[in-house]
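Take a look at the structure below.
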Amino acid sequence: MGREWLAVGFSRILARMSFPQTRMRRLRVNESMRALVRETHLEPANFILPLFVVPGDGIRKEIGSMPGNYQMSIDRTVEECREVKALGIGGVILFGIPETKDELASGGYDPNGIVQQAVRAIKAEVPGLVVITDVCNCEYTSHGHCGKVVNGEVDNDATLEWLAESALTHAQAGADIVAPSDMMDGRVAAIRAKLDANGFPLTPILSYAAKFASGFYGPFREAAESTPQFGDRRSYQMDPANGREALREIELDLAEGADMIMVKPALAYLDIIKMARERFDVPLSAYQVSGEFSMIMAAVRLGWIDKDRIMMETLTSIKRAGASIILTYFAKDAARLL
Ligand code: PBG
């Protein structure tokens, strides 16, 4: 009886759900109808714009492979931040290019380093804008690796102190959020302990939890002058083939005290974003990285694709996959369109 009833019910539903009773085009007839049923919305408040800060004054040097993005001195970075805030963009993430690099990445945790100075200036001049700092060593080491190199290898545990100290000096300068991107094991716990012990229990950690060893970082390394001088980052960043491992990385970072997590890159890793969204109830961000941006801009320059459409389509798919926050070099352009 129950089974028959079910079968009848199903066939009725199927009949009702098939053509010509059902026409999917009914809800697509015009823009107002499409807007009414739209499932995913982008908002400037959820964008983060990456900025590259260099020493000096009045400097605004375009990054060749990233049209519309610049290495800027602190004064120009502050101007840029004013514009970012006026556009309603959620925040900025800062990367520093120091005057000199050394084996010990000392520019990274110098209380008067380039990022620390930039944070102080932005917090003073553009109050209310969320300032995130990237916590890593690759911009500060002479060899370009993300940690301390011992016998030709990046030494995990020796690197943790540099990271914790960098994060602390960023927080002392006024950073709203610190974001470790180095992929050393145990860095979130080390940073959390350091912040808590020094009076910053309320500074959140946005962990680049699932960061893959990706070819899409190429243009960034020109922008941040951080290409490794030997080897590559595959012994610390993740293998692009691994999805389950990404979930473990995220789980571990959350256990260590991460407040927010990131998947990076974005477009080639939408499945990871989706899995992370389903599994973890914390703010989830995704980084549409330099190569994703440059690839689009190159095709735009050749006249092969339409910039605005592809920009919005890629950002929408990242959000649809489950990211609530998107780090993107398109932040200003997309905010203007919205
Ligand atoms: C630093 C860092 C990188 C990026 C963000 N933080 C480069 C890298 O890991 O090589 C890449 C961002 C981008 O490509 O836009 N470790």
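The values are calculated or read from the model by the stated rules, or taken from the named source; none is laboratory data. Being a predicted model, the structure only gives us computed values, none of them experimental. No Cβ is skipped: glycine too gets one built from the backbone with ideal geometry, and neighbour counts run over all protein chains shown. Please note that ligands, DNA and RNA were not included when accessible areas were found on the heavy atoms of the full protein model with its side chains. Shrake-Rupley method; radii C 1.70, N 1.55, O 1.52, S 1.80 Å.
For the reader, a short list of remarks on this structure follows.
- Nearby lysines by direct alpha-carbon distance to Lys85 (threshold 18 angstrom, same-chain neighbours under 8 apart not counted): Lys123, Lys332
- Farthest toward positive dipole pole in the chain [+1 Lys/Arg, -1 Asp/Glu at C-beta], among Met24, Ala167, Ala246: Met24
- Antiparallel bridge percentage (DSSP; both residues within the chain; nearest 5): 15 percent
- Mean residue ellipticity, 222 nm, helices only, the chain: the sum of -39500 (n - 2.57) across DSSP H runs of n ≥ 4, divided by residue count and rounded to 500, is -13000 deg cm²/dmol.
- Surface share of carbon and sulfur [accessible, 1.4 angstrom probe, percent] for the chain: 54 percent
- Sequence-distant residues sharing a close amide H with Ala213 (under 5 Å, placed H): Met238, Asp239
- The angle separating the long axis of helix 74-86 from the principal Cα axis of greatest extent in the chain is about 20 degrees.
- Exposed chymotrypsin sites (Phe, Trp or Tyr not before Pro) absent: longest stretch of the chain, with sites in DSSP loops and at most 12 other Cβ within 10 Å deemed exposed: 1-229
- Shape of the stretch 56-169, Cα gyration tensor, a/c cut at 1.5: prolate
- For the chain, averaging the sequence separation of C-alpha pairs within contact (under 8 Å, six or more residues apart) and dividing by the residue count gives a relative contact order of 17 percent.
- With Cα atoms, 0 to 90° folded angle of helix 156-173 axis to the chain main axis: 90 degrees
- Average Cα contact separation per residue, the stretch 182-278, under 8 Å, 6 or more apart, as relative contact order %: 42 percent
- To the nearest ten degrees, helix 114-125 and the longest principal axis of the Cα atoms of the chain are 70 degrees apart.
- Rg in Å to one decimal, and Dmax rounded to a whole Å, for the stretch 41-337 via C-alpha atoms: 17.6, 54
- Packing-based ranking, highest mean first, of 196-205, 253-262 given that Cβ atoms within 10 Å are counted: 253-262, 196-205
- About its Cα centre, the stretch 55-188 has a charge dipole of approximately 500 debye under the convention of +1 per Lys or Arg Cβ and -1 per Asp or Glu Cβ, with nothing else charged.
- Per-residue Karplus couplings for the stretch 316-330, computed as 6.51 cos²θ - 1.76 cosθ + 1.60 with θ equal to phi - 60°, are listed in order as 5, 5, 5, 5, 4, 5, x, 6, 8, 10, 10, 8, 8, 6, 8 Hz, Gly and Pro entered as x.
- Accessible area per residue, Å², the stretch 41-337 with all protein chains present, probe 1.4 Å: 40 Å²
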